[in-house]
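Working notes, beginning with the structure itself.
The values are calculated or read from the model by the stated rules, or taken from the named source; none is laboratory data. What you see is a predicted model; the values in this text were computed from it and never measured. Heads up, the Cβs are rebuilt from the backbone with ideal geometry, glycines too, and the neighbour counts pull from every protein chain shown. Quick note on the areas: whole protein, heavy atoms, side chains included, nothing else; ligands and nucleic acids left out. Shrake-Rupley method; radii C 1.70, N 1.55, O 1.52, S 1.80 Å.
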Amino acid sequence: MYDFTALVQSIGNFLHGQFSPGVATALEWTLVILVYLALYAILGLVLVYVERRVCAFFQLRLGPNRVGWAGTAQTVADALKLLLKEPVTVNKADKLLFNLAPFIITLAALTVISLVPFAKGLQAFDINIGLLFIVAVSSIGVVGILLAGWSSNNKYALIGAMRSGAQIVSYELSVGLSLLTMVLLTGTLQLSTIIETQANGWWIFKGHVPAVIAFFLYITASIAEINRGPFDLPEAESELTAGFHTEYSGLKFAFFFLAEFVNMFTVAAIATTVFLGGWMPFHIGDWAGFNAVMDFVPPILWFLLKVSAVIFLMMWFKWTFPRLRIDQLLKLEWKYLMPLNLMNLVFTAILVYLGWHG
Amino acid sequence: MSDQLDLAPATDLLTSQEYFVNMGPQHPSTHGVLRLVLTIDGEIIRKVEPHIGYIHRSIEKMCEKDTYRQIVHLTDRMDYLSCHINNEAVCLAVEQALQIEVPERVKVIRTIVDELTRLASHQLWWGVMGMDLGAITSFLYGFRDREMINDIFEETCGARLTMNYNVPGGLMFDIHPNFQKRTKDFVEHFKTKLPEYDQLLSDNPIFRARTEGIGYMSKEDAIAYGVTGPSGRASGFACDVRKRHPYGMYSQVEFKEILMTDGDCFARYKARILEMWESLRIIEQLIDNIPEGEFQAPTKQVIKLPKGEFYQRVETARGDFGVYIISDGNKSPYRLKFRSPGFSNLFVLDLVARGSKLADLVAIMSTFDYVMPDIDR
């Protein structure tokens, strides 16, 4: 049921039947790029709206509720406003790097999202080193942040960028190690295969303690990696006004803003894929009837549901906790998360060696 | 604390260079138009130079040509969060000079409104404190409860922030018939909400890590710099004017002077939270015992103070607020000086913040609770 492989295959076959191989490939690529650009923009708009509503409810407010149905068009209106704004470039800023930075961040966010499997067969690139690629590419984003801070000719931006550099490089380790734990359990780096291994139970349930620990480590570390609260030091507005994007306005600011939200989606999507069974429905042992009903829900809905749950968790953190200080942040990583991660990895390796994993 | 105050320049391996950062006058956490020139080594603060005067309106000079009734209205615009208490300072000074005995009813109402003002100020401070440390939600929680107090004020005297409820000799109006009921409702409501404040911030490990042991000020420093109010009391400096030089009804109600010895950001935070409980206690004792009577003592249309010098201290939400009047017998003062608590509290910042991180400076400034118009005047 609900297999997108055939559909995707038939589109490919159709294009290859109509055009010469070169043109067909080019068309395929264009199609993929257009779809993902649209997805990127829509995700950004939807998530900004959701964030504003969720935080409003945490804060005894209503949030946007006037433009469109229940305020849904508010983010569209805001996006249009940002489009119309004058792009201000600071005096004595490094023009090339200043203009390049938002694109690097967008590029990193967009590349990572292309590996996310939305449903069976609904994935742009299913490469066999999927997880490795994600970890590698997502760290390109820090280059954009560093460039933005460096080129802005603003001390606040520079401090924000330097903090960001230290933070992302540190937390990259925890993200990588917690995913590595899961690679030990699944025995593969390919995202579609990781999901296949969870047909008889999600890793968070069948992966024993190591998977649960890895899940929490991954969520913590990746919140820090995408600069969200309580780890939003690079843009700590009460200290650094807006951190690395202080001097950006209009569309270029929108790029940073969008990338932040899309990164949040990506992190939630990877958590879903690796720990929560991706698009696999929720099954309970041998309750055949219950499982059949669960199977009836389309996998893409399952996927989005799980991703929403993780995103809600991250928003909950952000709107509850105060911000850490930079030295406390680094201490948390190097003194607690990293050793815990390494121990977890060794423990998992022993489990796998003994053959006790699912 | 030793690593906090270690000022040795970092010269090993990598050479580092100190640089200046202009924090303010437009900055989210300077709470108004304060400009701090920071000397920073990486993230570590080496020196803080406060530059003030961006909202100086020469209120003291303006007072020299205003009548005593008019001066009361100017004090609202200084520490706008303690406006009622500022008003009272001038009124008390004038009453003391003219030796007017205000009715008992006035004293009780003034004290209740004083404490409500203090609560409103501390609620706002609590919200902003959370926001400065990145927990934006607390800001709206603080405002939710402050709104109730503002509503009471609005019903009482028509204004929500700059109330001008005091006049020399008494109050501008009598209280609204709903005043007692609404105040009691508020006290009941806030007694359930104040523990929530603790849940959201005080018990949060991140909040503790950000405030405990940060920005230490010793008792000696507090006395030397004249840091009063909850900030001074958190260092153990017993400076509560309500206890030392009681005015209004403070000599007849029971309340504790909150004294702490830690002297760090968390002590200053905790001192204010505990002070809110004490304010609630004072209101509870007085609200059912408002005596009948006049709400104003008879005063002359044009108030002329006798020749001489008069000084009156009150305890605002920020500390020891003083009014010093030199009168030459005319209808306006010859010279008038305000001793604003914020001014003294601001200039200890350099001493307290040296050696701590940039993010700590925000926490320290938050716990000193600066209101810029109070400092610049």
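Listing for the model above:
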quantity	calculated
Residue-averaged beta-carbon neighbours from other chains (10 angstrom radius) around B:132-144	6
Radius of gyration and maximum dimension Dmax of segment A:82-354, Cα, Å	19.6, 68
Burial ranking of peptide ranges B:340-347, A:345-352, B:26-33, B:316-323 (average Cβ count within 10 Å, highest at the top)	B:316-323, B:340-347, B:26-33, A:345-352
Chain A: calculated mean residue ellipticity at 222 nm from DSSP helix runs of at least 4, using -39500 (n - 2.57)	-22500 deg cm²/dmol
Distance from segment A:308-337 to segment B:69-147 (C-alpha centre basis), Å	37 Å
In Å², nearest 10: area of residue A:140 left accessible to a 1.4 Å probe	80 Å²
Helix-only CD estimate at 222 nm, as mean residue ellipticity for chain B, using -39500 (n - 2.57) per DSSP H run (n ≥ 4)	-14000 deg cm²/dmol
Nearest-10 value in Å² for the accessible area of residue A:293, using the 1.4 Å probe	90 Å²
Cα gyration tensor of segment B:35-78 - equivalent ellipsoid semi-axes, whole Å, descending	38, 9, 6
With eigenvalues of the C-alpha gyration tensor scaled by 5 and rooted, segment B:100-145, Å	33, 8, 4
Cα Rg, Dmax (largest Cα-Cα span) when computed across segment B:225-345, Å	17.5, 51
Accessible heavy-atom area order of B:82, A:10, highest first, probe of 1.4 Å	A:10, B:82
log₁₀ of I(q)/I(0) at q = 0.22 Å⁻¹ - segment B:29-127, Debye sum with one point per alpha carbon	-1.18
Protein-only accessible surface order, largest first, of B:257, B:188 at 1.4 Å	B:188, B:257
With DNA, RNA and ligands ignored, accessible area of residue A:297 (1.4 Å probe; Å², nearest 10)	50 Å²
Convex hull volume per residue for the protein assembly as shown, taking Cα atoms only, in Å³	206 Å³
Listing of segment B:205-249 residues, each with accessible area lower by at least 40 Å² in the full protein assembly than in the chain alone (probe 1.4 Å)	B:206, B:210
10 Å Cβ neighbours from other chains, averaged over peptide A:314-326	6
Peptide ranges A:336-344, B:119-127 listed from the most packed, as the mean C-beta count within 10 angstrom indicates	B:119-127, A:336-344
Accessible-area composition of chain A, carbon plus sulfur, in percent [1.4 Å probe]	74 percent
Residue-averaged beta-carbon neighbours from other chains (10 angstrom radius) around B:356-363	5
FRET efficiency, residue A:26 to residue A:100 (Cβ-Cβ, R0 30 Å, nearest 0.05)	0.70
Accessible surface, per residue, of the protein assembly as shown when the full set of protein chains is kept, probe 1.4 Å, Å²	42 Å²
Ranked order, A:61, B:268 - accessible area, probe 1.4 Å, largest first	A:61, B:268
Rounded to 5, percent antiparallel among DSSP beta bridges of segment B:59-376	100 percent
Long-range tail of P(r) for segment A:1-115 (Cα pairs > 24 Å, %)	54 percent
Value of Rg/Rh across segment A:150-228 [Cα atoms, Kirkwood radius]	1.17
Ratio Rg/Rh [Cα only; Rh per Kirkwood] for segment B:59-376	0.97
Relative packing of peptides A:247-254, A:53-60 - highest average C-beta neighbours within 10 Å first	A:247-254, A:53-60
Solvent-accessible area buried by pairing A with B, both sides, nearest 100 square angstrom, 1.4 angstrom probe	2500 Å²
Amide proton proximity set for residue B:46, modelled H, under 5 Å, gap of 5+	B:39, B:40, B:41, B:355
Distance cut-off 17 Å, percentage of C-alpha pairs in segment A:1-50 lying past it	51 percent
With every protein chain in place, segment B:59-376: carbon and sulfur % of accessible area (1.4 Å)	52 percent
